[in-house]
Amino acid sequence: MSPAGPGIVREALADALAASLEGPLPQGTDRRVAGAVRLPGKVTSVLGVRRAGKTTFVHQLRRERVAAGLRRELVPYVNFEDERLAQMDASQLGFLVEEFGRRVPGASAKGPVLWCFDEIQMVSGWERFVRRLLDAGGAEVVVTGSSAALLSREIGTALRGRGWAVPIYPFGFEEALVHRGADMPSDASQLSAAARGHVEHEFLRWLEVGGFPEAQPLDVASRRQLLRDYVDVAMLRDVVERHGVANVTGLRWLVRHVLGSSGSLFSVEKFHRTLKSHGLAISRDTLHQLLAHLEDCFLVRTVWMESDSERQRMVNPRKVYPVDTGLIPVFDRTGRANVGHALEAAVLVELERRRCEVTYVRTAEGYEVDFLAREPGGAMHLIQVAADATDPDTAARELRALAEAGRRFKRAKRWLLTLTRDAAPAEIPSDVTVWPVYQWMLSAASGD
């Protein structure tokens, strides 16, 4: 397809720019982001799965800057998913600066301009344009994208280390409560029986519904159809079209498997044999690439085994999780309850939201610990997730794994995360902290 005609592109860009400079700024549920959002001289790259709320977060940044005193006309916004901008050439982006100068004369004297570009990776060569904006001075830039690899690669090369990634995930539990207008406990560790029951009910609902904003008010059938559509669009736009994938059937098998088997160990070799037994021809290398593409577009999250040996890390299976718990019942075919799987997936995404590096641990004795989390500040946590640890055999297994792993990672604090407070084991070692997952999640919101 040839680049869009200059007249059509200029009209679309002018329309988008004019709309962004007029009227009230779009509203939405404020998102919680760990760490800094902007750094001087850096491009803020807002990354995440489609429909998680990246655009809403960009408008949140615009509102915050205006509330802090920046003039309304200095926060322009352009969405490049406009069909009139399909296949546009990066050389046409310069028109935006010219048009902005005409609409906001003397902008440079009024303060820094916060340029916000939604899904800008649709424009080939966009990174050179953004670098020119930064080099010219007087501008801050926020971009969004649905591919971690694409944006990080482009920012890392063309922008020469001037990118700052900010991941946005579907609503966490606290964000979902705010979005629904539900009561937020000030201290989730000090709740009456009635208040605790209410929070636990809301938490179970969130585990089932997931955190995609549009899915929150829907009935079960509508929600599941919406989430299937999300997955289909992610596969088509972020994997098939972007990476030129030819084996779409193999991709669909892979997606159904990883989204319906949350937290399971995934081996490309084993899955390759499964596909071969069904008469599907696909190479192992292609399966590795497809899984990487699914992670790049944030549809799935993978966890490697903790190891000092790169070879050992590579040959051992990974654990694979959906980015949102609402996807689990959509793709699960076992008919079993998914609470335990959903709980583990929710904990992983929350750890990523807090910018932790996450692996899983397999001890020399054959025990497994769900997560070893390294916080940005250096603190380490060994984390077991168990929906219900009241059964003595379950408690013994989970606590034994923590003890064995703790001998290897002596600095790591040991946590057992359960579904509810009443799901804790009867006897808890003094070096193990037991949290209901909802309490652990809400502690971050309250700053504990």
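Taken together, the values in this text are just the output of simple stated rules run on the coordinates, not laboratory data. Everything quoted here is computed from the prediction, not taken from an experiment. All Cβ positions, even for glycine, are placed from backbone atoms using ideal geometry, and neighbour counts span all protein chains on display.
Ordering LEU133, LEU39, SER91 by Cα displacement along the dipole of the stretch 6-168 toward the positive end leaves LEU39 in first place; charges were set at the Cβ atoms of Lys, Arg (+1) and Asp, Glu (-1).
A full extension of the chain between ILE8 and ARG313 corresponds to an added length of 104.7 nm, given 0.36 nm per residue minus the alpha carbon distance. With semi-axes defined as the square roots of five times the eigenvalues of the C-alpha gyration tensor, the equivalent ellipsoid of the stretch 347-403 measures 23, 13, 8 Å, largest first.
Using 1/(1 + (r/R0)^6) with R0 = 45 angstrom and r between the beta carbons of ARG397 and ASP15, what's the FRET efficiency to the nearest 0.05? The calculated FRET efficiency here is 0.15.
Temperature 10 °C, viscosity 1.306 mPa s: under these conditions the Stokes-Einstein estimate for the stretch 6-168, based on its Kirkwood radius over C-alpha pairs, is 100 µm² per second.
With only the Cα atoms considered, the stretch 342-448 has a convex hull volume of 99 Å³ per residue. Volume of the convex hull of the stretch 188-227 (Cα atoms only), normalised per residue: 70 Å³.
Segment HIS278..ARG128, full-extension length gain: 49.4 nm, with 0.36 nm per residue of separation and the alpha-carbon distance subtracted.
Once both axes come from the Cα atoms, what is the angle between helix 6-21 and the longest principal axis of the chain, in degrees from 0 to 90, rounded to 10? So the inclination is approximately 70 degrees. For the chain, the spread of Cα positions along the three principal axes, ordered from largest to smallest, is 72, 57, 44 Å. Counted over the chain, the DSSP beta bridges are approximately 35% antiparallel.
Structural size metrics of the stretch 248-299, computed from C-alpha coordinates, are Rg and Dmax of 10.3, 29 Å.
Which loop trypsin sites (Lys or Arg not before Pro) in the stretch 252-342, with loop taken from DSSP, have no more than 13 other Cβ atoms within 10 angstrom of their Cβ? Please report the intermediate quantities before stating the final value.
Working: sites: ARG252, ARG256, LYS270, ARG273, LYS276, ARG284, ARG301, ARG311, ARG313, ARG318, LYS319, ARG333, ARG336; in loops: ARG333, ARG336.
Taking the stretch 252-342 and a limit of 13 other Cβ atoms within 10 Å, the loop trypsin sites (Lys or Arg not before Pro) found are ARG333, ARG336.
Residues considered: HIS278, HIS288, HIS257. Largest GNM mean-square fluctuation over the chain, using C-alpha springs under 10 Å, is found at HIS278. Applying 1/(1 + (r/R0)^6) with R0 = 25 Å to the Cβ-Cβ distance of ALA193 and ASP388 gives a FRET efficiency near 0.85.
Using just its DSSP H runs of length 4 or more, each adding -39500 (n - 2.57), the chain gives a mean residue ellipticity at 222 nm of -13000 deg cm²/dmol after division by all residues.
Give the distance, in whole Å, between the Cα centre of the stretch 196-242 and the Cα centre of the stretch 45-73. Between the Cα centre of the stretch 196-242 and that of the stretch 45-73, the gap is 22 Å.
Let's see if you can work this out: charge +1 on each Lys and Arg Cβ, -1 on each Asp and Glu Cβ, no other charges. What is the dipole magnitude of the chain about its Cα centre, in debye to the nearest 20? Could the numbers behind the result be given before it?
Values: 58 positive and 57 negative charges, 192 e Å.
The dipole magnitude comes to about 920 debye.
Phi-derived couplings, Karplus 6.51 cos²θ - 1.76 cosθ + 1.60 at θ = phi - 60°, listed residue by residue for the stretch 182-195: 7, 5, 9, x, 6, 8, 6, 8, 10, 10, 5, 4, 5, 5 Hz, with x used for Gly and Pro.
For the stretch 98-150, the fraction of C-alpha pairs more than 13 angstrom apart is 65%.
Find how much the distance from MET380 to VAL66 grows on full extension, using 0.36 nm per residue of separation minus their present alpha carbon separation; answer in nm with one decimal. Please report the intermediate quantities before stating the final value.
Numbers: separation 314, 0.36 × 314 = 113.04 nm, distance 3.83 nm.
Length gained, MET380 through VAL66: 109.2 nm.
Taking 20 °C and 1.002 mPa s as conditions, the stretch 256-365 diffuses translationally at an estimated 144 µm²/s according to Stokes-Einstein applied to its Kirkwood radius (Cα pairs). Each residue, ASP219 and LYS110, gets one label point 7 Å from its Cα in the Cβ direction; the gap between the two is 4.9 nm. Here the contact order of the chain, divided by its residue count and restricted to Cα pairs under 8 Å and six or more residues apart, works out to 14 percent.
Once each of the GluC sites (Glu not before Pro) sitting in a DSSP loop with at most 15 other beta-carbon atoms within 10 Å is removed, the chain keeps 82-364 as its longest stretch. Computed over the stretch 1-100, the convex hull of the alpha-carbon atoms projects to a mean area of 7.8 nm².
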